[in-house]
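K.L.:
Sending over a structure as structure tokens; questions will come in a sec.
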Amino acid sequence: MTLTPALLAFAACLPVLANGLPQAASSASTALPTSTAVVPGLNDLAISAGKRYFGSATDNPELNDTTYTSILENYAMFGQITPGNSMKWYATEPEPGVFTFTAGNVIADLAKSNGMVLRGHNCVWYEELPDWVTANNYNATELAAIVANHTGTLVGYYAGQMYAWDVINEPLNDNGTMREDVFYDTLGDSYISIALKAARAADPNVKLYINDYNIEYVGTKSTAMQNLIKQLQADDVPIDGVGLESHFIVGEVPTTIVENMQAFAALGLEFAITELDIRMELPATADLYEQQKTDYYTVVSACMQVEQCVGITVWDWTDKYSWVPSTFPGYGDACPWDSNDMLAHQNYERKPAFDGIAIALQGQSI
Ligand code: 9MR
């Protein structure tokens, strides 16, 4: 039996509209505004504005969704891609010294065939580690070699294909101290220079980044990141950029983003907005969508105001594949495109948030 929209509506006890589609489960969702901007594409706008790219994270399972890929693979819209998961440690070195790049290569090939900039994510992070890294009680000498080998092999394998690598991911606690994970506990902060030097040796041209969250605004953690960068520079450790993740909440976008970006620029390196999304407490309303438009505008126009901000990556462009609902129950709708949920009348529509981004990239006021 084929499940037509009308049959699905019947199964869900929903009325069927004249067009054969089921009426939305929540009447509020039918009232949500959508984009009105008529623009070629966000990457085109970003490049016209002198940035390197506007891009998105993606993940391998989503690539089976052909409607999704038809939007993702539009270079005018997305000129850059970050693998959301498939280059993490568990995915690339699941057993000691056994490397597998199959899943990562799918993303790298997609970037190559569409002429997109590729950001590598990531080499050293306390999460998504295979058990063997933490379970074997490696001593400092052993773990130093493991960090250098993992980073060097990963970066070396993709040498020539990557614009940048998040070599170090989320090294700081919110209070500005170093996160106590297996790397720090065993090696102190030397694990950072070990990884950065291994990355530089493996690819002399790729930009080496440290990526973190809650460093997007003036405060203790941002200051700690700036101090870490200054220390690395003083020690002649290679470091080229800082990733400002930018996972925000609607109505709570920080007010010191530009000032904070200027502080990073003053260190003489570049930075990027690497994981932008702006979540809201559900259910979504028209007011929340409008506020989200303003919030996306605020973040993207901050990047426009500081030359060293090279580009913007959204942490997936559609609510369908956002990490938010599973991590923050009751929150969602964080992306600039909606989902493709037939019952909610969503079909990868651009939201007002899209317009906020487009307006900012054109240097206009909202
Ligand atoms: O989006 C990613 C999600 O699919 C994974 O389950 C999760 C754990 O690996 O990581 C998510 O991406 C994170 C990124 O790698 C680092 N910054 C925070 C992102 C959201 O959690």
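K.L.:
So what's the gap between the Cα centers of the range 65-123 and the range 315-350, to the nearest angstrom?
P.N.:
For the range 65-123 versus the range 315-350, the Cα centre distance is 21 Å.
K.L.:
What length, rounded to one decimal in nm, is gained on full extension from ASN64 through to SER48, with 0.36 nm per residue of separation minus their alpha-carbon distance?
P.N.:
2.6 nm
K.L.:
Ok, one more. Among the listed pairs LYS88/LYS351; LYS51/LYS230; LYS207/LYS230; LYS88/LYS293; LYS207/LYS351, give every one whose C-alpha distance is greater than 27 Å. Mind dumping the intermediate values first?
P.N.:
Numbers: LYS88/LYS351 31 Å; LYS51/LYS230 25 Å; LYS207/LYS230 17 Å; LYS88/LYS293 32 Å; LYS207/LYS351 33 Å.
Among LYS88/LYS351; LYS51/LYS230; LYS207/LYS230; LYS88/LYS293; LYS207/LYS351, the Cα-Cα distance tops 27 Å for LYS88/LYS351; LYS88/LYS293; LYS207/LYS351.
K.L.:
Going by amide H atoms built from the backbone, whose H comes under 5 Å of the H on HIS247, apart from near neighbours?
P.N.:
ASN214, ASP277
K.L.:
Starting from the Cα-Cα distance between TYR90 and ILE366, subtract it from 0.36 nm times their residue separation and give me the gain in nm to one decimal.
P.N.:
95.1 nm
K.L.:
Another question, then. Can you tell me, using C-alpha contacts under 8 Å and at least 6 residues apart, the relative contact order of the chain as a whole percent? Please report the intermediate quantities before stating the final value.
P.N.:
On the way: 735 pairs, mean separation 66.1, N = 366.
Answer for the chain is 18 percent.
K.L.:
Identify all aspartates and glutamates with a Cα-Cα distance to LYS221 below 14 Å; exclude those on the same chain that are fewer than 8 residues away in sequence.
P.N.:
Output for LYS221: GLU170, ASP174, ASP212, GLU245.
K.L.:
For PHE328 and THR34, compute 0.36 nm times the residue count separating them, minus their Cα-Cα distance, and round to one decimal in nm.
P.N.:
Details: separation 294, 0.36 × 294 = 105.84 nm, distance 2.42 nm.
Length gained between PHE328 and THR34: 103.4 nm.
A short reminder: the numbers here are calculations on the coordinates, not readings from a lab. The structure presented is a predicted model; accordingly, all values stated were derived computationally and were not measured.
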